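Chemist: Got a structure here, written out as structure tokens. Questions coming.
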Amino acid sequence: MRIVSAADMEKVSRSGLRKIRPEKPRIAVGLATCGIAVGGMRVYDRIKEIIGEENPDIELARVGCIGYCREEPLVNITIPGKPLVILHRVTPGDAEEIVRAVEKGEVPVEKALCRIPLWDHITGCTQEYGAGFDGIPRYEDVPFFSHQKKVILRNSGLINPEQIDEYIAIGGYAAALKALSGMAPEAIIDEVEKSGLRGRGGAGFPTGLKWRIARNAEGDRKFVICNADEGDPGAYMNRNEMESDPHMVLEGMLIGAYAIGVSEGLIYIRAEYPLAIRRLQTAIGQAREYGLLGKDIFGTGFSFDIGIATGAGAFVCGESTALVASIEGRTGRPHPRPPRLTDPGGGLFGYPTDLNNVESWCNIPVIISKGSEWYAGIGAKGNSGTKVFSLVGKVDRVGLVEVPLGTSLNTIVFTIGNGGAGNKKVKAVQTGGPSGGCIPARLFDTPVDYESLNRIGSIMGSGGIVVMDEDTDMVDIARYFINFAASESCGKCVPCREGLKHTLLILNKILAKKATKKDLEILSDLTETIVATSLCGLGQTAPNPVLTTLAYFRDEYDALVNP
Amino acid sequence: MIQQEIPGKPITVTINGKEYRANEGEILLSVAIREKIEIPHLCYEASLDPYGACRLCMVEVVRKGKREMATSCTLRAADGLEVLTDTPEIVKHRSILFELYLAEAPKSDVIRDMAARYGVTRTRFLKRIEQGDPLGNKCVLCGLCVRACSEIMGAGAINFINRGPYTVVNTPYYAPSRDCFGCGACVRVCPTNAIEMEDAGAERVMKSWSGTRVPLSPCECCGRYYAPRELSASVLARLDTPLKEEIARLCPECRGKHIAREEILAKHGGSAKHA
């Protein structure tokens, strides 16, 4: 079946809604990679087994992940007329009890994390699950959730990512229909510009402006690419976005392609994300069946399709010029910019190319659906919208945290994350992965936005926040990140290839207590040169963990060196 | 591939406070080379695409009173462009880069002399000395050989292997290359004279490239081996000259003599004797 009108959409939507809120109870297991890793698949299999034996009137489904990693495996129970209940830390041994309870229209209360009577999917659908289960805490009263604002993760963990009907049921592809059949491309770019959306890959370049440059670039063939080469240690926002809600990425790309005037799209995704690749492939296949990708989408005459290109395990391939080289089959080595990807001759196979991060694309359907004004109202001035962070490391509540930009590190680490794990004192956080810096706890009132983080020597990056506690050796942390960057350096330019190698050697010497004050001087000279002279962003930012630990935790270095 | 660049319109650029004529879009480093302004560089070659890897040619660009560092091999001349080549900032970073080079290619006289010219005579970094390095601990991974082999010769016999600090240049799987013509372009473009090549009898041995051996053609007259066989064949296929026959059969020396003899024969009717 092809969807060409709002009426077609409505029909599919009704079928999807019957899956999300079936007339019979539904048990849905959170099966993103994170959930599977802690045994979610075993829980799913066990429940399936019981249902298969006894044939009770219960639906079993897979959903993505709502982001509370510490509490996984998570299982959603939907009983008609009742709130959706999320069970946490579920084991295969709990399966029996869950099925028994659900059969009776109940839930195992002691396993319940929270209940959701009402959920706003933002893109035009508010799900009213129902009332009851008053003894279970409400979603908004769970401290991990209460300070979050889910715009990007609006559907994650609540819908089946392998069922396009469920995405359409919660308002999915309505923004694309609105854009393609009722908006001029320029008007879409205007909306995105006015929304203030900035690139979520880390650099924060205005997305609308990038689209405008790509639209205005000379050339009759152009590309849009989704950068899904997420590789910062500890960062997995994009993975969850693709695994839990792949159609949101596709819809964002479809709208962007129409606005820029492109008929070919690619998702460049790292091979280390097999489940995300599979779910994207499934999603692309389903979108094609409905005519949401392919020729003459919505009968508008506009054609667009998406292919998948997988990486071969190099961090530097997230850099735009190396990414393009990798897709073309060349070695992933950056080249000097200009030419930029949007310049003639600079993009994929020489054609002007627009490249945006997964999460940037995820915001697009919301901006079109709710309007730029609504979107710009979230976050801080010049930093609108929300950002998903992966809060990991030595923090009590590990998970994906989505907050408006401008939220302080204090709120993220202490209010949402509940501070250090095991009651340890939090010493610092590392934001922005290997390109970011270590921020000491005394600066945690810093609002998390692009400029504020830059001012204190770190970067927003793609959204990793690694927490360190009182036991963490900050020099060792610097060494960890330098070791990562050195081994991921492509080896093209000297400061990055040789400079990071020697930075690592000096840090090893310091940690072995064989260094002198002189070595600290060399370290600081060398890292300054790497920042100033490296060819691409990897080298230019790689010394940040050293520079920030030298600035904020100098005493730890001094304690290790001989005079 | 190399494209013949159409010279842009004449403009003026300022280097170290002095004005120079240049063509718009011209690479700034090539303007400096023409005007004999010294900027150190290792990975630049006029006949290849700009690469920007050695980072030695960095200069400071003055824009609206602000200074920003850029590699002069990728910087394009534009009217009013102003650069400084020896600011304290440049000197500081360049010195560290030279120290890194001295540690990376400790056996290279070229690097040693170049660094010394810029006042760097020792390195504070651990020197990399690898026994049996096919490039004699002289390679700085500027990529000129790789690019000449692929961009100019179209052979692609050598490439980078590994990444980061483990990067080296060699043939795929360190096996003798079947794609190598033995042209020696790599040897000629190497700024540190790291690549070794030797002619031994009927073969040319690319000593640095995993012992790649390329057959040579003998001169029909003197018997000396003088040109890589495959290379001659592919060059001859593209040549259109009455001398094609001579080029295919004779070494340059014998060819000269042969042509001279033909000329004399034509003029004097057979009085010349073979030398």
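Bear in mind that the values in this text are calculations on the coordinates, not laboratory data. All of these numbers come straight from a predicted model, not from anything done at the bench. Note: ideal-geometry Cβ built from the backbone for every residue, glycine included; neighbour counts use all protein chains shown.
Chemist: Just to be sure I follow: if Rg is taken over the C-alpha atoms of region A:288-400 and Rh is the Kirkwood radius over the same atoms, what is Rg/Rh? Write down the numbers at each step before the final one.
Modeler: On the way: Rg = 18.3 Å, Rh = 17.5 Å.
That ratio is 1.04, to two decimals.
Chemist: Using DSSP to define loop residues, name the GluC sites (Glu not before Pro) in region B:102-158 whose beta-carbon has at most 14 other beta-carbon atoms within 10 Å. Could the numbers behind the result be given before it?
Modeler: Details: sites: B:Glu104, B:Glu130, B:Glu151; in loops: B:Glu130.
Those that pass, being in a loop and sparsely packed, are B:Glu130.
Chemist: Another question, then. If we restrict to alpha carbons, what Rg and Dmax does region B:19-129 come to, in Å?
Modeler: Reported Rg and Dmax, both Å: 14.7, 46.
Chemist: Let me ask you something else. I need the Kirkwood Rh of chain B: take the reciprocal of the average 1/r across all distinct C-alpha pairs and report it in angstrom. List each step's numbers first, then the result.
Modeler: Numbers: mean 1/r = 0.0458 Å⁻¹.
Taking the inverse mean of 1/r over all distinct Cα pairs, chain B comes out at 21.8 Å.
Chemist: If the convex hull of the alpha-carbon atoms of the protein assembly as shown is projected onto planes in all directions, what is the mean projected area in square nanometres?
Modeler: On the way: hull surface 174.9 nm².
The number I arrive at for the protein assembly as shown is 43.7 nm².
Chemist: Then there's this: Give the long-range amide H neighbours of A:Ala61: residues separated by 5 or more places, or on another chain, with amide H under 5 Å away, using H modelled in the peptide plane at 1.01 Å from N.
Modeler: For A:Ala61, whose amide H was placed from the backbone, the distant partners under 5 Å are A:Ile27, A:Ala28, A:Val29.
Chemist: Dipole size in debye (nearest 20) for chain A around its Cα centre, Lys and Arg Cβ +1, Asp and Glu Cβ -1? Could you put the intermediate results ahead of the total?
Modeler: Numbers: 62 positive and 68 negative charges, 141 e Å.
Using only the charged Cβ atoms, the result is roughly 680 debye.
Chemist: Another question, if that's okay. At R0 = 25 Å, how high is the FRET efficiency between B:Glu198 and B:Ala237 if r is their beta carbon distance? Nearest 0.05 is fine.
Modeler: Working: r = 27 Å, r/R0 = 1.09.
With a Förster radius of 25 Å, E is 0.40.
Chemist: Here is a further query. Which value in Å is the Kirkwood Rh of region A:210-264 over different Cα pairs? Show your work: numbers first, answer last.
Modeler: Values: mean 1/r = 0.0789 Å⁻¹.
The answer is 12.7 Å.
Chemist: Quick one: B:Ser208, A:Ser15, fewest Cβ neighbours within 10 Å first, how do they rank?
Modeler: Numbers: B:Ser208 25, A:Ser15 13.
So the ranking, lowest neighbour count to highest, is A:Ser15, B:Ser208.
Chemist: Additional query: In Å and from the alpha-carbon atoms only, list the Rg and Dmax of region A:173-372.
Modeler: Both quantities, over Cα of region A:173-372: 15.4, 44 Å.
Chemist: Still on this model: Ranked by Cβ crowding within 10 angstrom, fewest neighbours first, how are A:Phe484, A:Phe414, A:Phe298 ordered? Numbers along the way, then the final one.
Modeler: Details: A:Phe484 20, A:Phe414 17, A:Phe298 24.
Lowest to highest Cβ neighbour count: A:Phe414, A:Phe484, A:Phe298.
Chemist: Next question, about the same structure. At most 14 other Cβ atoms within 10 Å and a DSSP loop assignment: could you name the GluC sites (Glu not before Pro) in region A:169-236 that fit?
Modeler: Working: sites: A:Glu186, A:Glu191, A:Glu193, A:Glu218, A:Glu230; in loops: A:Glu218, A:Glu230.
The qualifying sites are A:Glu218.
Chemist: Additional query: What is the calculated FRET efficiency for A:Glu328 to A:Asn423, with r their C-beta to C-beta distance and R₀ = 60 Å, to the nearest 0.05?
Modeler: Numbers: r = 52 Å, r/R0 = 0.86.
My answer for the efficiency is 0.70.
Chemist: Around A:Leu158, which amide H atoms from residues at least 5 apart in sequence, or from another chain, sit under 5 Å from its own amide H, with H modelled in the peptide plane?
Modeler: A:Gly64
Chemist: At q = 0.16, 0.18 Å⁻¹, what base-10 log of I(q)/I(0) does the Debye formula yield for region A:215-299 when every alpha carbon is treated as an equal point scatterer in vacuo?
Modeler: -0.66, -0.81
Chemist: With θ taken as phi - 60° and the coefficients 6.51, -1.76 and 1.60, list the Karplus ³J(HN,Hα) couplings across region A:266-283 in order, rounded to whole Hz; mark glycine and proline as x.
Modeler: 9, 10, 9, 10, 6, 5, 6, 10, x, 5, 4, 4, 4, 5, 5, 4, 4, 5
Chemist: Viscosity 0.890 mPa s, temperature 25 °C: Stokes-Einstein D of region B:156-275 from its Kirkwood Cα radius, in µm² per second?
Modeler: 147 µm²/s
Chemist: Based only on other Cβ atoms within 10 Å, what is the fewest-to-most ordering of B:Val61, A:Val448, A:Val401?
Modeler: B:Val61, A:Val448, A:Val401
Chemist: Something else now. Largest first and to the nearest Å, give the Cα extent of region A:1-41 along each principal axis.
Modeler: 42, 24, 13
Chemist: On each of the three principal axes of the Cα atoms of region A:1-111, give max minus min coordinate, whole Å, ordered largest first.
Modeler: 46, 30, 25
Chemist: For region B:225-268, report the convex hull volume of the alpha-carbon atoms normalised per residue, in Å³, without decimals. Before the final figure, lay out each step's value.
Modeler: Numbers: hull volume 2.6 nm³, N = 44.
Spread over its residues, the Cα hull of region B:225-268 gives 59 Å³ apiece.
Chemist: To the nearest 500 deg cm²/dmol, what mean residue ellipticity at 222 nm is calculated for chain A from DSSP H runs of n ≥ 4 alone, each contributing -39,500 (n - 2.57), summed and divided by the residues?
Modeler: On the way: 22 runs with 218 residues, N = 563.
One gets -11500 deg cm²/dmol as the mean residue ellipticity at 222 nm.
Chemist: Give the distance, in whole Å, between the Cα centre of region A:119-137 and the Cα centre of region A:161-178.
Modeler: 19 Å
Chemist: Among the trypsin sites (Lys or Arg not before Pro) in region A:325-383, which ones are in a DSSP loop with at most 10 other Cβ atoms within 10 Å of the Cβ? Mind listing them? Display every interim value, and only then the final one.
Modeler: Working: sites: A:Arg330, A:Arg340, A:Lys370, A:Lys381; in loops: A:Arg330, A:Arg340, A:Lys381.
Within region A:325-383, the qualifying trypsin sites (Lys or Arg not before Pro) (loop, at most 10 other Cβ atoms within 10 Å) are A:Arg330, A:Lys381.
Chemist: Let me confirm one metric for peptide A:526-533, namely the mean number of other chain beta-carbon atoms within 10 Å of its residues' beta-carbons. Present the calculation step by step, with values, prior to reporting the outcome.
Modeler: Details: counts 5, 1, 3, 9, 4, 1, 8, 11.
Mean partner shielding for this stretch: 5.
Chemist: Taking Cα pairs under 8 Å and at least six residues apart, what relative contact order does region B:110-254 come out at, in percent?
Modeler: 17 percent.
Chemist: Also, I was wondering about something else. Using a basic spin-label model with each label point 7 Å from the Cα along Cα→Cβ, how many nm lie between B:Lys244 and B:Lys92?
Modeler: Here the modelled spin labels are 6.3 nm apart.
Chemist: Next question, about the same structure. Have a look at the DSSP beta bridges in chain B and tell me what percent are antiparallel, nearest 5.
Modeler: Numbers: 29 of 31 bridges.
Bridges in chain B are about 95 percent antiparallel.
Chemist: If you plug each phi of region A:214-229 into the Karplus form 6.51 cos²θ - 1.76 cosθ + 1.60 with θ = phi - 60°, what whole-Hz ³J(HN,Hα) values come out, in order, with x for Gly and Pro?
Modeler: Calculated HN-Hα couplings, in order: 5, 5, 7, 5, 6, x, 8, 10, 9, 10, 10, 10, 9, 8, 10, 9 Hz.
Chemist: So what's Rg/Rh here for region A:82-144, counting alpha carbon atoms and using the Kirkwood radius for Rh? Mind dumping the intermediate values first?
Modeler: Working: Rg = 12.7 Å, Rh = 12.6 Å.
We get a ratio of 1.01 for region A:82-144.
Chemist: Can I ask one more? Cα centroid distance between region B:1-64 and region A:483-523, in Å?
Modeler: Using only Cα atoms to place each centre, the spacing works out to 32 Å.
Chemist: Over the Cα atoms, compute the radius of gyration (one decimal) and Dmax (the largest Cα-Cα distance, rounded to a whole number) for region A:383-469, in Å.
Modeler: Looking at region A:383-469, its Cα Rg and Dmax stand at 11.3, 35 Å.
Chemist: How large is the Kirkwood hydrodynamic radius of region A:482-558, counting all unique pairs of alpha carbons, in Å? It would help to have the intermediate numbers written out before the result.
Modeler: On the way: mean 1/r = 0.0813 Å⁻¹.
Mean inverse Cα-Cα distance, inverted, gives 12.3 Å.
Chemist: If you take every DSSP beta bridge fully contained in the protein assembly as shown, what fraction is antiparallel? Give it as a percent rounded to 5.
Modeler: On the way: 63 of 94 bridges.
Restricted to the protein assembly as shown, the bridges split so that about 65 percent are antiparallel.
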